[in-house]
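Asker: To start, I am sharing the structure in question, which I have written as structure tokens.
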Amino acid sequence: MLLGTLLSMAAPAMADPGDRIDGSPAVERLDLARLPAGKTRLWVRIDDNDVGQGYFVPVVVIKGAKPGPRFLLTAGIHGDELNGIGVIQQLVEDIDPATLSGTLIAVPGLNAPGLRNSTRAFTGGHNGGGDNLNRLIPRDIHAHGDEGNAAKRYAGRLWSRIIVGNANFAIDLHTQSRGGTYPAYVFVATPAARRIADLLRPDSVYIQTGIDGAVEDMLVANDIPAVTYELGGAEVFDGAMIERGLRGIRNVMVDRGMLPGRPDLRDPAPFLGNLVTNVDSPRGGWAQVRVKLNQFVKKGDVLAVVTDPFGRPVATLTAPLDARVAGLGTDPRTQPGDMVVRLLSWDASLPCLRTGCPPAPPKRDANGK
């Protein structure tokens, strides 16, 4: 039975309809059926914090004038990854409900305590420790988030109070975390997800098996096509990356019949890879990266040099295979074992997963030609 059908039989609880925060309704659970046509900005209370106050997550629902799919767009499950929030804020401002078919459910900030503390993790306690919420999302559609530590409860309630039953397809927006950066980079695990990725027109698409507990992969496990879209680096609103994300998301909405027009395919088709290789530093010191995002490298090419405090080289990092640069460390301070460069490549010997086997990417030289 499909997720949406099964969950439609459950009647969601709501907060007192008079509860408001800064003029917007505060509710216990998202219930699309109770919302009017047009744009509704509201707060969903997820749980209590350690001083007995509430964690509230902002949600914008845009119900179009015509019927259509439910599109769930989320950002900020890692609290230092902000470009996706900028994408959502701009998208909801731009969309006219009169021209929209279906419903957009946009969540610009899943991890309330992580965003408040500028941390990747759920840092809800006074001791500063925390867990990765994007490894704790339940697979079970009946999970309510009433068990486990604070992070597990919070993740379970994001699932049960906002996500479950409210999506026909989904995109979860990310960036690389503090100290690193990504190109426009999409993770996919199914043919339906691959369709979304191709319309997003990122620089690279990583075909992979998925990660247990991630928003994308728990939706996919329940037959909801979903992707994770990485957009640049942490702790900034990068205008170019935000515009790139907006362009791709509008393409997906046009393809799904939610918006009029044709997809904007000005960005080139993405590079496909199914193997990620992290090139880590064997020594601590100061990393001087010698390559750029999306650069093609050959086996043996120098990727970075790590120096001691006096600037003397202590390690030279080279490419272990022909690949494309898909991630970089941006903070030169490097501990032993830190990832300095991430490479993406195609390995024809790997299983094709649920995506099928697309043709292997063409051979390219170091300049990508």
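Asker: Residue 192: open to solvent by 10 Å² or more (accessible area, probe 1.4 Å), without any contact (Cβ under 8 Å) to a residue 12 or more places away in the chain and not acidic (Asp, Glu), yes or no?
Answerer: Working: open to solvent by 10 Å² or more (accessible area, probe 1.4 Å): yes; without any contact (Cβ under 8 Å) to a residue 12 or more places away in the chain: no; not acidic (Asp, Glu): yes.
No.
Asker: Only one of these is over 28 Å from residue 46 (Cβ atoms), part of a helix (DSSP H, G or I), of a type outside the set (Asp, Glu) and open to solvent by less than 10 Å² (accessible area, probe 1.4 Å): 155, 197. Name it.
Answerer: 197
Asker: Within region 106-118, track down each residue that is surrounded by 19 or more Cβ atoms within 10 Å (Cβ to Cβ) and part of a loop (DSSP other than H, G, I, E, B).
Answerer: 109, 110, 111 - these are the residues of region 106-118 that are surrounded by 19 or more Cβ atoms within 10 Å (Cβ to Cβ) and part of a loop (DSSP other than H, G, I, E, B).
Asker: Sticking with this structure for a sec: Has region 231-252 got at least one residue that is over 18 Å from residue 174 (Cβ atoms) and open to solvent by less than 50 Å² (accessible area, probe 1.4 Å)?
Answerer: Yes: one or more hits.
Asker: Check off (1) open to solvent by 10 Å² or more (accessible area, probe 1.4 Å); (2) touching a Phe, Trp or Tyr at 6+ places or on another chain (Cβ under 7 Å) for residue 146 and give me the number that stays unchecked.
Answerer: Failed condition: (2).
Asker: Yes or no: region 62-84 includes at least one residue that is in contact with a strand residue (DSSP E or B) (Cβ under 9 Å, 6 or more places away or on another chain), surrounded by fewer than 24 Cβ atoms within 10 Å (Cβ to Cβ) and more than 22 Å from residue 34 (Cβ to Cβ).
Answerer: no
Asker: With the requirement that a residue be hydrophobic (A, V, I, L, M, F, W, C) and at pLDDT 95 or above, what does region 123-150 give you? Spell out the reasoning first.
Answerer: The first filter runs over region 123-150 and keeps only residues hydrophobic (A, V, I, L, M, F, W, C), leaving 133, 136-137, 141, 143, 150.
Passing the criteria: 133, 136, 137.
Asker: Turning to a different aspect of this structure: Residue 76: touching a His at 6+ places or on another chain (Cβ under 7 Å) and closer than 21 Å to residue 175 by Cβ, yes or no?
Answerer: When the stated conditions are applied, residue 76 does not pass them.
Asker: Count, please, the residues in region 297-309 that happen to be over 20 Å from residue 176 (Cα atoms) and open to solvent by less than 50 Å² (accessible area, probe 1.4 Å).
Answerer: Final tally of qualifying residues: 6.
Asker: Right, something else. For region 58-75, give me each residue that is free of Cβ contacts under 8 Å to residues at least 40 places away in the same chain and not in a strand (DSSP E or B).
Answerer: The one that is free of Cβ contacts under 8 Å to residues at least 40 places away in the same chain and not in a strand (DSSP E or B): 65.
The rows are residues; the columns are (1) over 13 Å from the mean Cα position of the chain (by Cα); (2) free of Cβ contacts under 8 Å to residues at least 40 places away in the same chain.
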residue: 172; (1), (2): no, no
residue: 175; (1), (2): no, no
residue: 204; (1), (2): yes, no
residue: 216; (1), (2): no, no
residue: 230; (1), (2): no, no
residue: 234; (1), (2): no, no
residue: 240; (1), (2): yes, yes
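Asker: What about residue 322, is it modelled with pLDDT of 95 or more, more than 19 Å from residue 186 (Cα to Cα) and open to solvent by 50 Å² or more (accessible area, probe 1.4 Å)?
Answerer: The answer is yes for residue 322.
Asker: So, one more: Among all residue pairs at least 6 apart or on different chains, which show Cβ distances below 7 Å where the first residue, located in region 259-279, is in contact (Cβ under 8 Å) with a residue 24 or more places away in the chain and small (Gly, Ala, Ser) and the second is crowded, with 16+ Cβ neighbours inside 10 Å and assigned to a loop (DSSP other than H, G, I, E, B)?
Answerer: Sorted first by the residue in region 259-279, then by its partner, the pairs are 273/346.
Asker: Identify, please: which residue in region 2-56 is among the charged types (D, E, K, R) and part of a strand (DSSP E or B) and is, among those, modelled with the lowest pLDDT?
Answerer: So, considering only residues that are among the charged types (D, E, K, R) and part of a strand (DSSP E or B), the one modelled with the lowest pLDDT is 20.
The values are calculated or read from the model by the stated rules, or taken from the named source; none is laboratory data. Because the structure is predicted, anything quoted here is derived from the model rather than measured. Quick reminder, even Gly has a Cβ in these numbers, built from the backbone with ideal geometry, and neighbours come from all protein chains shown. Ligands, DNA and RNA are stripped out before the accessible areas are found, and what is left, the full protein with its side chains, is counted by its heavy atoms. Shrake-Rupley method; radii C 1.70, N 1.55, O 1.52, S 1.80 Å.
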